[in-house]
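To keep things clear, I will list the structure first and then write my remarks on it.
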Amino acid sequence: MTNVQTVDTPQALQALCARLTNSSRVGIDTEFHNERSYTARLMVVQIAFEDGFAIVDPIALPDLAPLVQALSKATVVGHALGSDLKIFAERFGIVPPDVFDCQVAAAFLGYGLSISLADLVRDLQGVRLKKLHTVSDWSKRPLSAGQLEYLIEDVAHLLEMHTELSRRLQEKNRYEWAREECLQLADPARYRVDDRKLYARIPGANRLNRRELAVLSELARLRDRLARERDVPLKYVMPDDVLAGLATLRPHRLEELAQLRRFDAGGRRALGQAILDAVKTAEALPEGELPPRVNRPLGNARETLVSLMSVVVGEIARENEIPASLLAPRASLERVARDVPADRDAFAGALALSSWRMYLVGERLWQLLSGEAAMRIEGYADGDPRILLQS
């Protein structure tokens, strides 16, 4: 392979950052391990320039903040960038502000929401990627020739795809839609953890009362803090079912912790007092400061309403060759079904969709829900069923 720069010294990193600062766009991908850490650990960063490539070694360069800062000067092109940007946000507190995700862009061109890099490269560039090292241990050094080829292959076509996808999006007048969606990936707030809402992620939280939820919330925040400090997965501190059990048990003495079968003696010794303190804090909260209940299942009537809206969204998605889940997430439809907004403005607020989404689905959903239009099916007998809304 020619024109490949290996970056594994501070001097090489400095030179790379200077090169990035002078680049209008770059392609990027990362290899990481996340099985045994709180935040995924970078193992390799691959960068594609217009005239070559760089392979960055995070193991040799533990502080890559200058690299991420330099990336913020260019348009960063990638495929399924969410995981890469999440690592940058969590490890360095920086997210490049100008990003273009080829997977997101392809969704606006009828490729579906999760097309693989290999499939997209084959369709757009006519190239078949080998993808021989998808399960490599990227922590091992030195990297083999085969691994290096794989790393370059993952970024080699990104800039050409950026050009082609942008051209096709502009032809369909959808470039700004895709641009808006990609820029949401660059919002640092997207990757921040709100520790006040951690309790809602615990299975079974929707069955607890608000006082038990307060205990669960304090325990979830304790676990998150400890896992972050130790840089280990949450389950290594306490698994979800132990947190849920502690929330209902609400222990006041260390010996009560032994009632939980999945909480061993070592865990009780290490965390026992911290758990009791968390329970005490939760039980001292005034009623007005207790966390809100977690939404329960919708129930049959509201679930039917969501299904009807999903049918309309699905038909609009089919008409526009856009994935239905990209057009209107189920969470938005559930919110409308729960809140039952009384007027058009309240409906728009509850739906809480971006401008291009509202343009496509907002009016037709409001017509359905307000009774201004009825749903009917045409073309079924001819083998081409279509959903129509008629006033």
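Points worth noting:
- If the condition is being over 24 Å from residue 233 (Cβ atoms) and buried (at least 22 other Cβ atoms within 10 Å of the Cβ), then the range 21-58 contributes 26, 27, 28, 46, 47, 48, 54, 56.
- If you filter the range 59-83 down to residues that are of a type outside the set (Ser, Thr, Tyr), in a loop (DSSP other than H, G, I, E, B) and out of contact with any Ser or Thr (no Cβ under 9 Å at 6 or more places or on another chain), you find that the one that is surrounded by the most Cβ atoms within 10 Å (Cβ to Cβ) is 81.
- Residues that are within 21 Å of residue 324 (Cα to Cα) and either acidic (Asp, Glu) or assigned to a loop (DSSP other than H, G, I, E, B) (or both), drawn from the range 336-372: 352, 353, 354, 363
- Test: residue in the range 271-289 that is surrounded by 12 or more Cβ atoms within 10 Å (Cβ to Cβ), modelled with pLDDT under 95 and not in a helix (DSSP H, G or I): no
- Tally of residues being in a loop (DSSP other than H, G, I, E, B) and either among the basic types (Lys, Arg) or touching a residue at least 12 places away in the same chain (Cβ under 8 Å) (or both) across the range 115-133: 8
- Restricting attention to the range 43-63, the residues that are closer than 25 Å to residue 193 by Cβ and at pLDDT 95 or above add up to 3.
- Of the residues making up the range 35-58, those that are in contact (Cβ under 8 Å) with a residue 40 or more places away in the chain and in a loop (DSSP other than H, G, I, E, B) number 9.
Conditions tested, residue by residue: (1) over 22 Å from residue 23 (Cα atoms); (2) touching a helix residue (DSSP H, G or I) at 6+ places or on another chain (Cβ under 7 Å).
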{"position": "149", "(1), (2)": "yes, no"}
{"position": "182", "(1), (2)": "no, yes"}
{"position": "198", "(1), (2)": "yes, yes"}
{"position": "224", "(1), (2)": "yes, yes"}
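- In the range 307-329, the qualifying residues are those that are within 17 Å of residue 363 (Cα to Cα) and within 17 Å of the chain's Cα centre (by Cα), and the one that is surrounded by the fewest Cβ atoms within 10 Å (Cβ to Cβ) is 329.
- Here residue 316 does not qualify as closer than 30 Å to residue 173 by Cβ, in a loop (DSSP other than H, G, I, E, B) and not charged (D, E, K, R).
The values are calculated or read from the model by the stated rules, or taken from the named source; none is laboratory data. It should be emphasised that the depicted structure is a prediction, and the values quoted were computed from it without experimental measurement. All Cβ positions, even for glycine, are placed from backbone atoms using ideal geometry, and neighbour counts span all protein chains on display.
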